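A quick write-up on the structure given underneath.
Every read-out reported here was derived from the displayed coordinates using simple, explicitly stated rules and does not represent laboratory data. In this text, all values refer to a predicted model and were calculated from it rather than measured experimentally. No Cβ is skipped: glycine too gets one built from the backbone with ideal geometry, and neighbour counts run over all protein chains shown.
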Amino acid sequence: MIVTAPDPTAVIAKYYRPGSLAYDILTVHSEMVAAKALQLALRVEQLSPDRAFIREAALLHDIGIFLTDAPDIGCFGKHPYIMHGILGREILEKEGLPRHALVCERHTGTGISREDIVSQKLPLPLRDMRPVSLEEQLICYADKFYSKNPQKLRIEKPVEKIRAKLARFGEDKVQQFERWVEQFGT
Ligand SMILES: [Fe+2]
């Protein structure tokens with residue numbers, strides 16, 4: 001059996017028109033997150049992070065955004081933005097990439113718990129969506145350093161700003177972030 005490495009650029013090109021606003025935001029944002037995740041992975045070399053997978057999955061983690069209603073970033077779908085993770089998972093499962101698909105589902109905020117889904121009445125299936133594997137955690141954490149604001153795509157956020165944003169979603173989110181700061185550095 002010949003196993004070929006997934007080609008994130010080819011997968012993205014199936015769903016996004018190159019040159020469109022959504023394509024430009026997705027590809028720049030994803031490159032920033034991939035570079036950051038690979039930089040952070042250097043801190044845990046002893047755990048043998050899968051660097052090829054980190055790059056592929058980071059490039060694909062937000063592939064679901066075009067199906068959401070987020071006109072500011074060129075996305076004109078019908079779903080609430082919070083669903084972009086599970087929508088991305090569905091796409092990548094169809095593409096035969098189940099491991100990458102889980103990164104989509106598990107990267108929002110510091111991860112979404114069943115309790116979050118119930119207490120905030122989120123339009124999501126009731127399952128734990130927090131990152132589990134080392135690679136899932138690195139990508140979720142790296143993603144917090146970059147926004148999809150077209151004006152700020154390449155600007156790394158200071159940790160204080162990330163903390164302040166996460167605090168709005170609960171003290172447990174800040175605590176998870178602090179554990180990553182400790183484990184992976186910044
Ligand atoms: Fe992202």
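Numerical summary
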{"item": "Value of relative contact order over segment 111-186, rounded to a whole percent, pairs C-alpha under 8 Å and six or more apart", "result": "19"}
{"item": "Filter on K36/K78; K121/K165; K14/K94 - keep pairs with C-alpha separation over 24 Å", "result": "K36/K78"}
{"item": "Calculated [θ] (222 nm, deg cm²/dmol) that DSSP helices of n ≥ 4 give over the chain, each run adding -39,500 (n - 2.57)", "result": "-15500 deg cm²/dmol"}
{"item": "In Hz, Karplus ³J(HN,Hα) per residue of segment 130-142 (6.51, -1.76, 1.60; θ = phi - 60°; x = Gly, Pro)", "result": "8, x, 10, 5, 4, 5, 4, 5, 4, 6, 4, 5, 4"}
{"item": "Student exercise, the chain dipole from Lys, Arg, Asp, Glu Cβ charges, in Debye to nearest 20", "result": "340"}
{"item": "Likely footprinting exposure, R154, R55, R99, fewest C-beta neighbours within 10 Å first", "result": "R154, R99, R55"}
{"item": "Cα gyration tensor category, rounded, prolate or oblate, for the chain with a/c compared to 1.5", "result": "rounded"}
{"item": "Computed label-point distance, nm, for sites K152 and L47 using a 7 Å Cα→Cβ extension", "result": "2.7"}
{"item": "Under-5 Å amide H pairs with I112, H placed in peptide plane, nonlocal only", "result": "M129, R130"}
{"item": "Debye, to nearest 20: dipole size of segment 31-71, +1 on Lys, Arg Cβ, -1 on Asp, Glu Cβ", "result": "200"}
{"item": "Amide H within-cut-off set for C75, under 5 Å, with H built and near neighbours excluded", "result": "A70"}
{"item": "Burial order of peptide ranges 35-41, 156-162 (average beta-carbon count within 10 Å, highest first)", "result": "35-41, 156-162"}
{"item": "Gained length - V159 relative to D69, 0.36 nm times residue gap less alpha-carbon distance", "result": "29.6 nm"}
{"item": "Partners for K157 among aspartates and glutamates (Cα-Cα distance below 14 Å; same-chain residues under 8 apart left out)", "result": "D143"}
